[in-house]
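> Okay, handing you the structure first.
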Amino acid sequence: MNFLPLHVGLALALACGLANGQTVIDQNRALAGSITPGDAPGFPIRLSLPGSYKLTGNLVVGTLNTNAIELAADGITLDLNGYTISGPISCTGGSVSAVNCSASSGLGRGITNIAPGVGESEGAVVRNGTVRGFFDSGIGLGAYSRIENVTAARNARSGLRAGLGSVIVNSVTSYNGGVGIYAIGSVVTGSTSNGNGDDGFTLSAGSVVSGSVSRGNAGAGVRSDSHSGVGTSVLSGNTQGPFMGAGSLGTNRCNGVAC
């Protein structure tokens, strides 16, 4: 049996957009399209097959009403690999003051689980990078998903959104125009929400925040329904106070005092 030399095999794998079993994505591949079936040239990148994907460069979306990446299948893992996905929005202000963004209406998410003709996908994992400058939200994922080691900054509305049964860990939202982190029936740990134009965290349906920081947001530190709560966290300098409806699970610090 004849085998290709290693360097030839690697070159062919990269040409096909594969590296270590992951489909790789950069700006050029996005503009060319056909990363998965149904992916048209340009943005949004439409990922229609489950599996593992990895950025190998920054992505830049230049139009307001356009998503960067649409997760059009369940079970997608996307490693941002330390790179940034940037949209066309710019936002200024923050830290207990209003966040002013360059557009007051529009659409467009950095990464979204909602794809036209498919509906809402579930079970995604997004990790290791930054999403900024989008109108609707930085990242919005469906049920049973995971967001890890991600920064969402200066998006016109929310930073991170996660659906029922999801986990957000070791992530940061800063200077977004709306809520920093919006969690539905999810667990948030080791994360920071800082200087956003609304609440630091908004929780519903039995969500829990622990080991986290909500600081200098223009809304509440944590706002939630009666089924959710926050523990072992620091809530400091939020305009509408540490809690709005949130249940304290204990060992929190609110503006320097145990709460």
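The values are calculated or read from the model by the stated rules, or taken from the named source; none is laboratory data. Predicted model only: the values in this text are computed from it and were never measured. All Cβ positions, even for glycine, are placed from backbone atoms using ideal geometry, and neighbour counts span all protein chains on display.
> Which of the residues belonging to the range 230-259 are assigned to a strand (DSSP E or B), free of Cβ contacts under 8 Å to residues at least 24 places away in the same chain and surrounded by 20 or more Cβ atoms within 10 Å (Cβ to Cβ)?
If the condition is that a residue be assigned to a strand (DSSP E or B), free of Cβ contacts under 8 Å to residues at least 24 places away in the same chain and surrounded by 20 or more Cβ atoms within 10 Å (Cβ to Cβ), then Phe243 is the only one that fits.
> Against the definition (touching a strand residue (DSSP E or B) at 6+ places or on another chain (Cβ under 9 Å), at pLDDT 95 or above, surrounded by fewer than 24 Cβ atoms within 10 Å (Cβ to Cβ) and of a type outside the set (Phe, Trp, Tyr)), how does Ser193 come out, yes or no?
Here the answer is no, as Ser193 does not meet what is asked.
> For the range 55-91, which positions are in contact (Cβ under 8 Å) with a residue 60 or more places away in the chain and not in a loop (DSSP other than H, G, I, E, B)?
Within the range 55-91, Leu55, Leu71, Cys91 meet the criteria.
> Quick check: anything in the range 176-191 closer than 18 Å to Ser137 by Cβ, in contact with a Lys or Arg (Cβ under 6 Å, 6 or more places away or on another chain) and of a type in the set (A, V, I, L, M)?
no
> Another question, then. Being of a type in the set (Ser, Thr, Tyr) and closer than 27 Å to Val61 by Cα is the filter; apply it to the range 167-190 and report the residue that is surrounded by the fewest Cβ atoms within 10 Å (Cβ to Cβ).
So, considering only residues that are of a type in the set (Ser, Thr, Tyr) and closer than 27 Å to Val61 by Cα, the one surrounded by the fewest Cβ atoms within 10 Å (Cβ to Cβ) is Ser174.
> Being farther than 16 Å from Arg215 by Cα, in contact with a Ser or Thr (Cβ under 6 Å, 6 or more places away or on another chain) and in a strand (DSSP E or B) is the filter here; which residues of the range 169-191 pass it?
Selection gives Val169, Ala183, Ile184.
> Looking at this structure, is Gly106 at pLDDT below 95 and either assigned to a loop (DSSP other than H, G, I, E, B) or out of contact with any His (no Cβ under 8 Å at 6 or more places or on another chain) (or both)?
For Gly106, the condition - at pLDDT below 95 and either assigned to a loop (DSSP other than H, G, I, E, B) or out of contact with any His (no Cβ under 8 Å at 6 or more places or on another chain) (or both) - is met.
> Might you let me know whether the range 38-54 holds any residue that is surrounded by fewer than 17 Cβ atoms within 10 Å (Cβ to Cβ), in contact with a Cys (Cβ under 8 Å, 6 or more places away or on another chain) and part of a loop (DSSP other than H, G, I, E, B)?
The answer is no; no qualifying residue exists.
> I'd like the full set of residues that are in a strand (DSSP E or B), small (Gly, Ala, Ser) and within 19 Å of Ser52 (Cβ to Cβ), limited to the range 112-127.
Ala115
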